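Asker: Got a structure for you, questions after.
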Amino acid sequence: MIETERLVLRPYTPILAARIADGAPRDPRWADDYPFDGDQSAARMYLQAGAPAGPWVPYTIELRATGLVVGGVGFHGTPDGSGTVEIGYGLAESARGHGYAAEAASALVALAQRLGARQVVATLEYDNQPSANVLRRAGFTEQSPLHWVRSA
């Protein structure tokens, strides 16, 4: 578990990932518009990878003040031979615009740094200006419109 000023990031477990992947039954601790496609895909990939334990996994994004789960953030595997690891994130539409994604991404970068990663990258699926703004606020540098980098 990772705690920030406003968030709690909880690592996936096999049971949690299965519930997210299915999207039902709805959990009263989940925002009405969570999980969405991106979270369900991350949960399926986590389960297909054998539900690895440890820090290099997806995490739910929970609001500390209410306990409401509003999205996800996580690593796309372990660092490669050069010490580079990729992250991804997504928020329920109802939780956007509050800086939660940048706060969660920054927390993952800090964790990656503590664990010895040298660089963290993020790839946008398309020209998504709000997501680019998240990465900018989290200290990433644009390498191309879809590829962003931050030293860990």
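The values are calculated or read from the model by the stated rules, or taken from the named source; none is laboratory data. Since we're looking at a predicted model, the values are computed, not measured. Here Cβ is always computed from backbone atoms with ideal geometry, including for glycine, and neighbour counts include all displayed protein chains. What goes into the accessible areas is simple: the full protein's heavy atoms, side chains included, and nothing from ligands, DNA or RNA. Shrake-Rupley method; radii C 1.70, N 1.55, O 1.52, S 1.80 Å.
Asker: Rounded to the nearest 10 Å², what accessible area does Asp33 show when all protein chains are kept and the probe is 1.4 Å?
Answerer: Accessible area of Asp33: about 60 Å².
Asker: Right, here's the next one. Could you check how much of the accessible area of the chain is carbon and sulfur, as a whole percent, using a 1.4 Å probe? Can you show the working numbers first?
Answerer: Values: 3990 of 7810 Å².
Exposed carbon and sulfur together represent 51 percent of the surface.
Asker: 7 Å from Cα along Cα→Cβ at both Glu93 and Asp27: what's the point-to-point distance in nm?
Answerer: Reported label-point gap for Glu93 and Asp27 is 2.3 nm.
Asker: Further question on the same structure: Once you keep just the Cα pairs under 8 angstrom separated by 6 or more residues, what percentage relative contact order results for the chain?
Answerer: Working: 268 pairs, mean separation 29.3, N = 152.
Reported as a whole number, the value is 19 percent.
Asker: How about the stretch 39-106: which trypsin sites (Lys or Arg not before Pro) there lie in a loop by DSSP and see at most 12 other Cβ atoms within 10 Å?
Answerer: Sparse-neighbourhood loop trypsin sites (Lys or Arg not before Pro): Arg64.
Asker: Something else now. Could you work out the percent of alpha carbon pairs in the stretch 37-145 separated by over 23 Å, rounded to a whole number? Walk me through the intermediate numbers first.
Answerer: Working: 1491 of 5886 pairs.
Here the tail beyond 23 Å accounts for 25 percent of pairs.
Asker: Moving on to the next point. Where nothing but the Cβ of Lys and Arg (+1) and of Asp and Glu (-1) is charged, how large is the charge dipole of the chain around its Cα centre, in debye to the nearest 20? If you can, show how the numbers build up before the last one.
Answerer: Values: 13 positive and 16 negative charges, 85 e Å.
That gives a dipole near 400 debye.
Asker: Does the stretch 57-109 come out rounded, prolate or oblate, given a ≥ b ≥ c as the square roots of the eigenvalues of its C-alpha gyration tensor, rounded meaning a/c under 1.5 and, failing that, prolate meaning a/b above b/c?
Answerer: Values: a/c = 2.65, a/b = 2.39, b/c = 1.11.
Note, shape of the stretch 57-109 comes out prolate.
Asker: Solvent-accessible area per residue for the chain at a 1.4 Å probe radius, Å²? Show your work: numbers first, answer last.
Answerer: Values: 7810 Å² over 152 residues.
Normalised by residue count, the accessible surface of the chain is 51 Å².
Asker: For every helix of n ≥ 4 consecutive DSSP H residues, a contribution of -39,500 (n - 2.57) applies; sum these over the chain, divide by its total residues, and give [θ] at 222 nm rounded to the nearest 500 deg cm²/dmol. Provide the component values of the computation, followed by the final result.
Answerer: Values: 4 runs with 45 residues, N = 152.
So the calculated ellipticity at 222 nm is -9000 deg cm²/dmol.
Asker: Given points 7 Å out from each Cα along the Cα-Cβ axis, report the Ile2 to Val149 separation in nanometres with one decimal.
Answerer: Computed distance between label sites Ile2 and Val149 equals 2.1 nm.
Asker: How large is the charge dipole for the stretch 25-105, taken about the Cα centre, if only the Cβ atoms of Lys, Arg (+1) and Asp, Glu (-1) carry charge, to the nearest 20 debye? Provide the component values of the computation, followed by the final result.
Answerer: Values: 5 positive and 10 negative charges, 34 e Å.
Charge dipole, the stretch 25-105, about its Cα centre: 160 debye, nearest 20.
Asker: If Phe75, Phe36 are ordered by their accessible area, calculated over protein heavy atoms with a 1.4 Å probe, which sequence runs from highest to lowest? Spell out each step's value before the answer.
Answerer: On the way: Phe75 10, Phe36 50 Å².
Largest accessible area first, the list is Phe36, Phe75.
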